[in-house]
Amino acid sequence: MQHFDKTEELSIYIHWPFCKSKCPYCDFFKNVNPNANQNALIDEYINALQKYYELTANKEVKSIFFGGGTPSLIKPQNVAKIIDFIAKKWKLTSKPEISLEANPNSRYNEMFASLKNAGINRLSLGVQALNETDLRFLGRTHNIKQARLCLEEIVRVFDNHSADLIYARPHHKLDAWQAELQEICHYGLKHISLYQLTIEDGTVFAAKNVQPLEEDAAVEMYNFTRLFLADNGYKQYEVSNFATEGYESQHNLTYWQGGEYIGIGASAHGRLRLNGQHIATEYPFKHTVLTPQERAEELIIMGLRLVEGISKQRFFEICGFTLTDFINKQHLENLKEQKLLEETATHLRPTFAGMLVLNELILLLCN
């Protein structure tokens, strides 16, 4: 079995673990401590980046993503410090995507302009709902007026922008969701991420036994969303993500296409190809060697999230297996007959019906 080290592009994820408040649906790692000692943590991150640079100096950085938590709580000068350090160490691709997630509740005067001056060229805004009742239900501490001001401002300040919304909330009605979609499309965003509400163990919603929207209604809402956004110029390219032409999230495509990335910050992880081995990293410096089989399964799990599906050539280049030899052939044929998967000479991809049952598809293909 032959392996390739063709992929030399690298993405870097910077996790900011602090928030002003914790949302009841959230199961991400975070602390409610907006007054944390930023300088000490930034210095820790710089030191970690230096160590990872020593392992990956031959790679080009294609994207940097500040996620969280609430990264818009980071002082712009500290955002700039990290970006400048990365740019001085690694070679950057010709047009690196440098993203930051912001919440309307962290906005201050000239915040977005300051972040742009710090080096951010893509801003993702966590709106989550466009009505006051559901903002309160979701535990968001911003209001509609703040959300709208931020949406207007990021479109004015940045050339590349995105917003997040959560749908299938309890008692969510299709006509109400349509009104939210109409409004979000009105701003002219380049990218929209739409997540179905799920109740995760360990969250406040789980403790309160909150029930999401009934499944058939959620599926109807999802199908409507795909068609509505397509009519408004947003092409779906991943289960939950829609973009205008050329504005797909390059950083997130790194994950879904099996690229290499470094994760900096508490709970952050990464995937690297070093000395012919697949390496799973956990921050700060825990490294685990993955077998080619383990890496292949990850490529299936992530790649089937994409509308275009899994590239057979890329699959082979990364893990050394031929895709159709690796997966369960009998299950593949059955899933194709059921119109849940489509196979071409170059790709294996889910149909719309398949996207609704991705976990089941993955289990069958990898069994």
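The values are calculated or read from the model by the stated rules, or taken from the named source; none is laboratory data. Note that this is a predicted model, so its numbers are computed, not measured. Virtual Cβ from ideal backbone geometry, glycine too; neighbours counted across all protein chains shown. Side chains are part of the model used for accessible areas, which takes the heavy atoms of the whole protein and leaves out ligands, DNA and RNA. Shrake-Rupley method; radii C 1.70, N 1.55, O 1.52, S 1.80 Å.
Roll a 1.4 Å probe over the protein heavy atoms and report the accessible area of Lys286 in Å², nearest 10.
Lys286 exposes around 120 Å² with every protein chain in place.
Over segment 216-367, how many percent of alpha carbon pairs lie in each 10 Å bin up to the one with the longest distance?
Computed distribution, short to long bins: 10, 35, 34, 18, 2.
Can you pull the three principal axis extents for the Cα set of segment 41-191, in Å, largest first?
So the three principal-axis extents are 53, 29, 29 Å.
Among Ala218, Asn103, Leu332, whose Cα projects farthest towards the positive end of the dipole of the chain, with charges put on the beta-carbon of Lys, Arg (+1) and Asp, Glu (-1)?
Checking the options against the dipole of the chain, the answer is Asn103.
Under the Cβ-under-4.7 Å rule, which cysteines of the chain stay unpaired?
Lone cysteines by the Cβ rule: Cys19, Cys150, Cys185, Cys319, Cys366.
Treating only the Cβ of Lys, Arg, Asp and Glu as charged (+1, +1, -1, -1), what charge dipole size does segment 218-367 show about its Cα centre? Round to the nearest 20 debye.
220 debye
Please list 94-100, 228-234 highest first by mean number of surrounding beta-carbon atoms within 10 Å per residue.
94-100, 228-234
Given a 1.4 Å probe and the protein chains all in place, what does the accessible area of Lys22 round to, in Å² to the nearest 10?
100 Å²
Give the ranking of Arg226, Arg169 by solvent-accessible surface, highest area first, calculated with a 1.4 Å probe.
Highest to lowest solvent-accessible surface, that is Arg226, Arg169.
Keeping all protein chains in place and using 1.4 angstrom, which order do Lys59, Lys208 fall into by accessible surface area, from largest down?
The ranking, largest first, comes out as Lys208, Lys59.
Sorted from largest down, give the three principal axis spans of the alpha carbons of the chain, whole angstrom values.
The principal-axis extents, from largest down, are 57, 50, 40 Å.
Let me confirm the definition first: pairs of Lys residues in segment 256-367, 8 or more apart or on different chains, C-alpha distance under 30 Å. How many are there?
4
Got the relative contact order for the chain handy, in percent, Cα pairs under 8 Å and 6 or more residues apart?
It rounds to 17 percent for the chain.
How large is the Rg to Rh ratio of segment 234-289 when both quantities use alpha carbon positions and Rh follows Kirkwood?
Looking at segment 234-289, the ratio lands at 1.10.
So what is the accessible area of the chain per residue, in Å², with the probe set to 1.4 Å?
Spelled out: the 1.4 Å probe surface of the chain, per residue, equals 46 Å².
All other residues with a Cβ under 15 Å from the Cβ of Arg107 taken together, and with Lys, Arg as +1 and Asp, Glu as -1, what is their net charge?
Result for the local shell: +3.
All other residues with a Cβ under 9 Å from the Cβ of Asn160 taken together, and with Lys, Arg as +1 and Asp, Glu as -1, what is their net charge?
Summing Lys and Arg as +1 and Asp and Glu as -1 gives 0.
Spelling out what I want: for every residue of segment 324-339, take phi, set θ = phi - 60°, compute 6.51 cos²θ - 1.76 cosθ + 1.60 (Karplus), and round to whole Hz; glycine and proline get x.
After applying 6.51 cos²θ - 1.76 cosθ + 1.60, I find 6, 7, 7, 7, 6, 5, 5, 5, 4, 5, 4, 5, 5, 5, 7, 6 Hz.
Looking only at Ala163, Ala207, Ala129, which one moves most when the chain is put into a Gaussian network model with springs between Cα atoms under 10 Å?
Of Ala163, Ala207, Ala129, the most mobile in the Gaussian network model is Ala207.
When N counts the residues of segment 188-257, how does its alpha-carbon radius of gyration compare numerically with 2.2 N^0.38 Å, as a ratio?
1.33
Which of Ala206, Asn121, Asn232 sits farthest toward the positive end of the charge dipole of the chain, with +1 on the Cβ of Lys and Arg and -1 on the Cβ of Asp and Glu?
So the residue we want is Asn121.
Can you list the aspartates and glutamates whose alpha carbon is less than 13 Å from that of Lys89, not counting same-chain residues fewer than 8 positions off?
The reachable aspartates and glutamates, counting only those whose Cα sits under 13 Å from Lys89, are Glu54, Glu60.
Using the Kirkwood radius built from alpha carbon pairs, what does the Stokes-Einstein equation give as D for segment 35-112 at 10 °C and 1.306 mPa s, in µm² per second?
117 µm²/s
Give the long-range amide H neighbours of Glu9: residues separated by 5 or more places, or on another chain, with amide H under 5 Å away, using H modelled in the peptide plane at 1.01 Å from N.
Those qualifying (amide H under 5 Å, at least 5 residues apart or on another chain) are Glu60.
Kindly write out, for segment 154-165 in residue order, the coupling ³J(HN,Hα) from the Karplus curve 6.51 cos²θ - 1.76 cosθ + 1.60 (θ = phi - 60°), rounded to whole Hz, with x marking Gly and Pro.
5, 5, 6, 8, 9, 8, 10, 7, 8, 9, 9, 9
Hey, which of these cross-link pairs are over 20 Å Cα-Cα: Lys88/Lys190; Lys51/Lys81; Lys88/Lys116?
Pairs exceeding 20 Å: Lys88/Lys190.
For Tyr237, what is the net charge nearby, where nearby means another residue's Cβ is under 11 Å from its Cβ and Lys, Arg count +1, Asp, Glu -1?
The answer is -2.
Which order do Thr346, Thr281 take when ranked by solvent-accessible area (1.4 Å probe, heavy atoms of all protein chains), largest first?
Largest to smallest exposure gives the sequence Thr346, Thr281.
Cα centroids of segment 327-354 and segment 120-142: how far apart, whole angstrom?
36 Å
In deg cm²/dmol, rounded to 500, what helix-only [θ] at 222 nm does the chain give when every DSSP H run of at least 4 residues adds -39500 (n - 2.57) and the total is split over its residues?
Helix-only estimate at 222 nm: -11500 deg cm²/dmol.
Can you list the HN-Hα couplings for segment 258-275, worked out from phi with the Karplus curve (6.51, -1.76, 1.60; θ = phi - 60°), rounded to whole Hz and with x for Gly and Pro?
x, x, 9, 8, 10, x, 10, x, 3, 6, 6, 10, x, 9, 10, 10, 10, 6
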